[in-house]
Amino acid sequence: PKSVPMWTLFVWLSEAVTSLHESVSVPNFLNYLRGTPFLPMMFRLMGTKIGKQVYLDTTDITEYDCVEIGDHAELNSFCGPQTHLFEDRIMKIGNVIIGDRVTISARSIILYHAEVGCDAYLGPLTLVMKGEQIPAASAWTGSPAVPWRKAAVK
């Protein structure tokens, strides 16, 4: 976790790695591994902490060493831990921690310094804001994320 001015060598190198990942390794190799046991293995090789029996249907992990995913978690299509943002020309990087048995639905994003507790559920298109703590065994949805309220049956 760090903060670095935008016009520094560190940021340029970080963006170069991200660009290579997104334009070379994802379309030519990693996309074919989505939903298989091999994609978590590849991200482990790059430094991501991934538990056992994780279902990974996304390749959207850029700072590999800043992501921790617990056992039996499910990351669905095009969701992702967003470990960096640019704020006022400063690149801010932080960890994203996803607990055991968490389900993250399609196109949901978890911003840096956020933690999703064990057995939590994030609905589709949910945005977990930076620094948020999603409690264990809870369901959240929306942008920004709010507790999921089931519709009353009449």
Give, rounded to the nearest 20 debye, the magnitude of the charge dipole that the chain has about its Cα centre when Lys and Arg contribute +1 at Cβ and Asp and Glu contribute -1 at Cβ.
380 debye
What distance in nm lies between label points placed 7 Å from Cα along the C-beta direction at Arg107 and Glu132?
1.7 nm
What list of ³J(HN,Hα) couplings, whole Hz, do you get for the range 132-142 from phi and the Karplus terms 6.51, -1.76, 1.60, once you set θ to phi - 60° and write x for glycine and proline?
6, 10, 8, x, 5, 6, 10, 10, 9, 8, x
Amide H contacts of Leu127 (H built 1.01 Å from N, under 5 Å, at least 5 apart or other chain)
Ile109, Gly142, Ser143, Ala145
Per-residue HN-Hα couplings for the range 59-74, Karplus 6.51 cos²θ - 1.76 cosθ + 1.60 at θ = phi - 60°, whole Hz, x for Gly and Pro?
10, 8, 10, 9, 8, 4, 7, 9, 10, 10, 10, x, 5, 6, 7, 10
So if I take the centroid of the Cα atoms in the range 1-43 and the same for the range 54-125, what is the distance between those two points in Å?
14 Å
Structure-derived P(r) over Cα pairs in 10 Å bins from 0, in percent: which label, when the choices are (1) 11, 36, 32, 15, 5, 1, 0; (2) 12, 41, 33, 12, 2, 0; (3) 10, 39, 39, 12, 1:
(2)
Go ahead and collect, in residue order, the members of the range 13-42 whose backbone nitrogen is under 13 Å from a label point 7 Å along the Cα-Cβ direction of Asp65.
14
Which whole-number percentage describes the relative contact order of the range 2-141, with Cα contacts under 8 Å and a sequence gap of 6 or more?
17 percent
What does the charge count around Tyr112 come to, taking other residues whose C-beta lies under 15 Å from its C-beta (Lys +1, Arg +1, Asp -1, Glu -1)?
-4
Counting DSSP beta bridges in the chain, what percent are antiparallel, to the nearest 5?
30 percent
Integer Hz, Karplus 6.51/-1.76/1.60 couplings in order for the range 14-26, x for Gly and Pro
4, 5, 5, 4, 4, 5, 5, 4, 6, 9, 10, 6, 5
Can you classify the range 19-63 as rounded, prolate or oblate using the Cα gyration tensor, where a ≥ b ≥ c are the square roots of its eigenvalues, rounded means a/c under 1.5, and otherwise it's prolate if a/b beats b/c and oblate if not?
oblate
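Each value in this text was obtained by applying a stated rule to the coordinates, not by laboratory testing. These numbers were taken from a predicted model, which means no experiment stands behind them. Neighbour counts run over all protein chains shown; Cβ positions are idealised from the backbone, glycine included.
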